[in-house]
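What follows draws every value from the coordinates through simple rules; no lab data is involved. Please read all numbers here as calculations on a predicted model, not as lab measurements. Backbone-built Cβ (ideal geometry, glycine too); neighbour counts: all protein chains shown.
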Protein chains: 2
Amino acid sequence: MGWGDLGVYGEPSRETPNLDRMAAEGMLFPNFYSANPLCSPSRAALLTGRLPIRNGFYTTNAHARNVEGRSWGPEGHVRHLGHRPQFHPLKHGFDEWFGSPNCHFGPYDNKARPNIPVYRDWEMVGRYYEEFPINLKTGEANLTQIYLQEALDFIKRQARRHPFFLYWAVDATHAPVYASKPFLGTSQRGRYGDAVREIDDSIGKLLELLHDLHIADNTFVFFTSDNGAALISAPEQGGSNGPFLCGKQTTFEGGMREPALAWWPGHIAAGQVSHQLGSIMDLFTTSLALAGLTPPRDRATDGLNLLPALLQGWLMDRPVFYYRGDTLMATTLGQHKAHFWTWTNSWENFRQGIDFCPGQNVSGVTTHNLEDHTKLPLIFHLGRDPGERFPLSFASAEYQEALSRITSVVQQHQEALVPGQPQLNVCNWAVM
Amino acid sequence: MGWGDLGVYGEPSRETPNLDRMAAEGMLFPNFYSANPLCSPSRAALLTGRLPIRNGFYTTNAHARNVEGRSWGPEGHVRHLGHRPQFHPLKHGFDEWFGSPNCHFGPYDNKARPNIPVYRDWEMVGRYYEEFPINLKTGEANLTQIYLQEALDFIKRQARRHPFFLYWAVDATHAPVYASKPFLGTSQRGRYGDAVREIDDSIGKLLELLHDLHIADNTFVFFTSDNGAALISAPEQGGSNGPFLCGKQTTFEGGMREPALAWWPGHIAAGQVSHQLGSIMDLFTTSLALAGLTPPRDRATDGLNLLPALLQGWLMDRPVFYYRGDTLMATTLGQHKAHFWTWTNSWENFRQGIDFCPGQNVSGVTTHNLEDHTKLPLIFHLGRDPGERFPLSFASAEYQEALSRITSVVQQHQEALVPGQPQLNVCNWAVM
């Protein structure tokens, strides 16, 4: 989902009344980032609090190579690699699981491409496109309703007993985009908008349940997404990154800046906006903090504990690193973003019609060659120029000052970095 | 000012708390349009309720020629043409006037380019850059504060006596952009953001005064702008058109879609969004309706009375016409927009670095030749594709249906159209 997909972030059709209300009752982050411009590495980072280059969800066998989007879907994280028993979520801290070790691509033919199973805990309860039908022609599927019902049931069960952690990872806005019958055709934005409306409606029902159970003021809720809108699927199945450049797969703002809302009545004051630079990895660290725990000490953690920002309005200095594969493409610090490498996709792919930046073309920036700017990074001021259209003059004092600050942070990061074993250098349909 | 310049429309820095509150307390229009992609014709249309092609604020001596931006500024409307006594605002229905017959371009040299006077009613009280200084280097000027004080004084005087109409036409976001010292350097968005912040702060003070005088529930307030953000002045002095294509001077959405907020406590319910297609010309008709008057019957009026939308939530079917000079470039009806002509600017100007669409390039759409699509218009669905990036397939049923509806409305419009005498075919500095 893209930064610009919610009414409260400026989507012109304004079809997310529940998320907009969640923002009005809580805190909105305009400067919040995924950990990667692709779904699976970003979600692996969410669950580990660590950049993909640390947790292994990346490749080393091609420069700036994204983990193939077609190979790992939104649920890929829960197993990290492979569907084998040792990667099952119940082996990794979850007490219950409803979902799939992969996304709803397909339908698969069960030969070259195995079909994707759906599990309840250890038990396989069916397959996408079979027991869980998705009509690729009409876009009709009940999956969001099923996930919603599972979540409502889970919350009801847990609320009677003890504190709980729920990771509600819907994938309706991930192409092939779907919605259930009552939502199909209801959006001004086409099928993608139908999917957003159904997710928005579901969030409304989840928050309502927390109120009904009288646990709203004891439940921290955070809404965000794992990468920017996939403009390759626009207009019918792609979303909006608002005023930002490009989309999913890229390390421009459109690829990684995300909608992000925090809600905790009685704790987080209503109607706030925090300009804290935030990351999806912070949800790991913040969740631990809420549970009175600290991150593991045997490894570096990239996530920040956001509670000071959420509860006391602190603004904490921190960088945002934008990786593709093993390549640090860009770094944001404060309002300045430095691009060390620029690339959208190859000329070859672009000429085949694969366009990550449709309608956008910033000379020397949205390049189709992998351009090396490491010696003289392109620097943008994201306040004056959120669309990354006007690089600062290399000769300006502002450029020199920003470069010096960012270089120092990047050096520190790279000196301390212990890359994880890359787990995705081999990637084929069988791995899926 | 651009559609994307307010926090409530998604500006990432969220620096317009007063306008955002005005929206939360009133009604927000995401689909509201100026009457022209340039300031002066748009403002002439605001004051007459009529398209520039009807009221004469256009040219016929070059195809799709915009009235030269450098020749008429935001206050140009008040005299329509010339500074001669018969065009003085007090001769045209205003009882009081503080302002200038032109904008703050300059400074002028009083020879080839006469300096621009500032008036209080019939009396000239000084000149821009002399008695009303503007520091072009630092951007410092007290003009917004002066206009604010004039407006506060006017309201205080009027409120004791009788109903009043105030047209508060600030120009701080029009290049050369300015702000007063307390606001300079306070925005994350540079000087343009400083100007927006000062306007926002002023709106807050105006609304506060209405409350203090206990006339808030008896005063209808509307905020909008006369054209999209001038991206030619970006990043330092240009604003944001959010997700929309191009900016000022063009008939893409970025050139004419505007922020628009209506506020009338006790009458307009809080927190509403209206998808009514609205126009700055509606302010003429709506103001008349509020005063119990109807538009003149001796001429056609383009403005709609918005009160049914504002008070009863009606959605009224109406087209939006996008003109450049005497050329109908595009028409929107419902969610569909048909482009009969596409043009940004000439190759010659573009090669000189004048770019109305920086970073944006939609093949066959953001053209530098004036492209004739009258036989087969380009049609976009603005809900699925607000950025005008993906023209509908000519062969689709949706295209055929939309074309048929729009063609019928355009024929009706053109058959009934009685063009005004074009007043701007001759345009030089002396006319200013």
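Between the beta carbons of B:ASN425 and B:MET316, assuming R0 = 45 Å, the FRET efficiency works out to 0.80 to the nearest 0.05.
The rotation axis that maps chain A onto chain B passes nearest to the beta carbon of this chain A residue, listed with its distance in whole angstrom: A:GLY10, 1. Taking amide H as placed 1.01 Å from N in the peptide plane, B:VAL273 has its amide H under 5 Å from the amide H of B:LEU28, each at least 5 places away in sequence or on another chain.
Taking every alpha-carbon pair under 8 Å whose residues sit at least 6 apart, chain B reaches a relative contact order of 24 percent. Among the residues of B:376-385, the average count of other protein chain beta-carbon atoms within 10 Å of the residue beta-carbon is 4. Close amide H pairs (under 5 Å, H built 1.01 Å from N) link B:GLY2 with B:ALA229, B:SER240, residues at least 5 positions away or on another chain.
For the peptides A:283-293, B:414-424, A:21-31, residues were scored by their other Cβ atoms within 10 Å and the scores averaged per peptide; the highest-first order is A:21-31, A:283-293, B:414-424. The count of lysine pairs in chain B that are at least 8 places apart or cross chains, and whose C-alpha atoms lie under 27 Å apart, stands at 10. Whole-Hz Karplus values for the stretch A:265-270 come out as x, x, 10, 8, 5, 6 Hz, taken residue by residue from phi with 6.51 cos²θ - 1.76 cosθ + 1.60 and θ = phi - 60°; glycine and proline positions read x. The modelled label-to-label distance for the pair A:ASN61/B:ASN61, using points 7 Å beyond Cα in the direction of Cβ, is 7.0 nm. Available extension along the chain between B:ALA300 and B:GLN86 is 74.7 nm, counting 0.36 nm per residue and deducting the alpha carbon span.
Distances from B:ASP298 to itself in the other copies, using label points 7 Å out along the Cα-Cβ axis, amount to 9.1 nm in increasing order. Mean partner shielding of peptide A:29-38, defined as the number of other chain Cβ atoms within 10 Å of each residue Cβ, is 1. Among B:LEU310, B:LEU231, B:LEU166, whose mean-square fluctuation peaks in a Gaussian network model of chain B (Cα, cutoff 10 Å)? In this elastic network of chain B, the residue with the biggest mean-square fluctuation among B:LEU310, B:LEU231, B:LEU166 is B:LEU166. Distances between copies of A:ARG318, taken at a point 7 Å out from Cα along the Cα→Cβ vector and listed shortest first: 4.9 nm. Take B:HIS267, push a point 7 Å out from Cα through the beta-carbon direction, and compare it with the same point in every other copy: 4.5 nm, smallest first.
Averaged over the residues of B:182-192, the number of partner chain Cβ atoms lying within 10 Å of the residue Cβ comes to 2. Give me the distance between the Cα centres of the stretch A:305-346 and the stretch B:18-58, rounded to whole Å. One Cα centre to the other: 39 Å.
Taken along the Cα-to-beta-carbon direction at a fixed 7 Å, the label points for A:LEU370 and B:ALA291 span 6.8 nm. Backbone phi angles across the stretch B:288-301, fed through the Karplus curve with coefficients 6.51, -1.76 and 1.60 (θ = phi - 60°), yield HN-Hα couplings of 4, 4, 4, 8, x, 10, 10, x, x, 8, 8, 8, 6, 10 Hz in residue order; Gly and Pro are listed as x.
Classify the protein assembly as shown from the C-alpha gyration tensor, please: rounded if a/c falls under 1.5, else prolate or oblate depending on whether a/b exceeds b/c.
The shape class here is prolate.
Using the Cβ-Cβ distance between B:GLN149 and B:ALA270 with R0 set to 30 Å, the FRET efficiency works out to roughly 0.55.
Scalar couplings 3J(HN,Hα) for the stretch A:208-221, obtained by applying the Karplus form with A = 6.51, B = -1.76, C = 1.60 to θ = phi - 60°, are 4, 4, 4, 5, 4, 7, 6, 10, 4, 7, 10, 10, 8, 10 Hz; x denotes Gly and Pro. For the stretch B:327-416, evaluate the Debye formula with one uniform point scatterer on each Cα (no solvent term) and list log10 I(q)/I(0) at q = 0.10, 0.17, 0.20, 0.21 Å⁻¹, rounded to two decimals. Normalising to I(0) and taking log10 leaves -0.28, -0.74, -0.96, -1.03. Quick check: from the Cα gyration tensor, does chain A come out rounded (a/c under 1.5), prolate or oblate? Cα axes put chain A in the rounded bin.
Taking each DSSP H run with n ≥ 4 as -39500 (n - 2.57) and averaging over every residue of chain A yields -7500 deg cm²/dmol at 222 nm.
In percent, what relative contact order does the stretch A:213-283 have, based on Cα pairs under 8 Å that are 6 or more apart in sequence? Once normalised by length, the contact order is 34 percent. In terms of its C-alpha gyration tensor, the stretch A:250-309 comes out oblate, because a/c is 1.5 or above while a/b does not outweigh b/c. Amide H to amide H distances under 5 Å link B:GLY126 with B:VAL118, where only residues 5 or more positions off or on other chains count and H is placed in the peptide plane.
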